[in-house]
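In what follows, a structure is listed as structure tokens, so that the remarks can point back to it.
Taken together, the values in this text are just the output of simple stated rules run on the coordinates, not laboratory data. Just so you know, these numbers come straight off a predicted model, no measurement behind them. When we count neighbours, we look across all protein chains shown, and the Cβ atoms used for this are built from the backbone with ideal geometry, even at glycine.
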Amino acid sequence: MKIKNRKPIILILILTILLTLLLFLVEYVFDDFEPIVFRNSYGEGKKTEEYEITVNGEEETTIQLEVNEQEYTHEEVQAMFKKVAKKLDEIVLGDNESWDRVETDLNLVTNLEEYPIEIQWESSAYDIVNVNGEIQQKNLKPEGIHVELRGTVSYKEDKMVYLRNAMVYPLTRKGMDKILYDIQQELQKLESQTRGSASFRLPDKIEGKTLQWSKEKQNHWRYIPIIGIVLSIYLFYRERENMKAKENIRNAELLRDYPGLISKFTMLISTGATVKNAWEKIVQNYEIQKMQLGSHVVYEEMKVAMIEMQGGVPEAEVYERFGKRCGLTVYIKFGALLSQNLRKGSKGISEILRVEAIQSFENRKSMAKRQGEEAGAKLLIPMMGMLAVVFIMIMVPAFLTMQL
């Protein structure tokens with residue numbers, strides 16, 4: 001079997017050869033390996049490296065080496081602990097201004113991104129400040145409570161104690177914040193007292209303040225116009241696309257049937273039939289074969305044209321209207337040709353139709369060839385994508401191995 005479109009196959013073969021050559025060069029020519037082992041940086045953990053080793057130039061084997069992360073020296077650890085303490089001073093207080101007055105939760109972090117350390121916290125009063133730094137407001141006193149916080153900073157075997165003394169006070173509320181807090185407390189008290197009832201009424205006044213209650217409106221109605229507009233736009237564009245698709249299918253069918261129609265006309269006209277008789281004969285044959293071959297747009301339009309002629313519409317006008325209904329240039333030209341020859345006489349129409357038939361068949365062959373090339377180009381895109389995926393799967397590990 002002869003393959004007509006060799007370009008995609010040749011292109012893939014060329015790319016395969018180039019890829020193979022590139023990988024060979026990367027692995028065997030440009031791979032300037034240095035027997036240097038690089039450790040992971042501080043806190044990144046250990047890793048396992050695998051090497052091929054040749055002993056006395058004779059025996060080749062594989063050996064694995066476990067490489068621990070880079071570690072700080074004792075002096076570096078002490079310097080790091082000082083930086084950690086300074087960093088903790090910046091972040092542990094959270095939104096509080098000083099340790100002398102702590103009202104909001106503390107930020108008792110257990111690690112720092114910059115340093116490979118762990119921190120464990122202890123509190124002298126867990127009912128006031130727990131190990132998460134959360135302040136238990138219900139247990140506080142207006143005069144404040146002293147709490148000692150101890151953070152043990154660890155790096156491997158080295159440790160440092162981060163110690164801070166905090167005076168914890170109830171959260172100071174002012175303005176509307178205090179009003180809402182008082183209302184919340186009263187509501188909780190009311191809810192607790194009425195738990196034996198199936199319902200309870202929200203108060204109209206609390207501590208002399210008049211209250212008006214309402215629920216937040218969901219405003220679901222606002223979404224209805226948006227949904228309607230979006231749906232309408234979607235249906236409009238979908239209908240337009242459907243109509244365009246149907247029109248494309250119709251036009252493609254008309255183009256396919258055109259050479260056959262011209263060929264039939266040419267044959268009938270050459271036997272001495274008039275244009276009208278040839279038209280009626282083609283429609284009659286179509287009606288006979290319709291059950292077997294199915295409906296065709298061009299012959300249905302010819303049938304409509306024949307009914308118009310039988311209804312008294314001038315023959316020349318019928319042919320022109322037929323071309324316009326079909327909508328394609330070749331049919332408009334065909335209708336105009338029949339109309340002109342009807343007015344000027346049928347002399348020479350057979351030769352004109354014969355030339356038109358030859359040209360239409362050539363156009364159909366060109367169109368089929370172009371569609372075949374487009375199909376081949378569309379197939380080339382996924383094949384190139386697959387080749388690119390294979391290229392990435394092979395090249396990335398090769399380059400990573402070179403870097404290590």
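Points worth noting:
- Burial order of peptide ranges 198-204, 251-257, 318-324, 303-309 (average beta-carbon count within 10 Å, highest first): 318-324, 303-309, 251-257, 198-204
- Taking Cα centre as origin and charging only the Cβ of basic (Lys, Arg, +1) and acidic (Asp, Glu, -1) residues, the dipole magnitude of region 150-264 rounds to 100 debye.
- Estimated dipole of region 165-214 in Debye, rounded to 20 [Cβ of Lys and Arg +1, of Asp and Glu -1, Cα centre]: 20 debye
- Sites matching GluC sites (Glu not before Pro) across region 87-159 that sit in DSSP coil, with at most 16 neighbouring C-beta atoms within 10 Å: E97, E113, E114, E134, E143, E157
- Sequence-distant residues sharing a close amide H with L112 (under 5 Å, placed H): I117
- Gyration tensor verdict on region 135-261 (Cα atoms; rounded if a/c is under 1.5, prolate if a/b is larger than b/c, oblate otherwise): oblate
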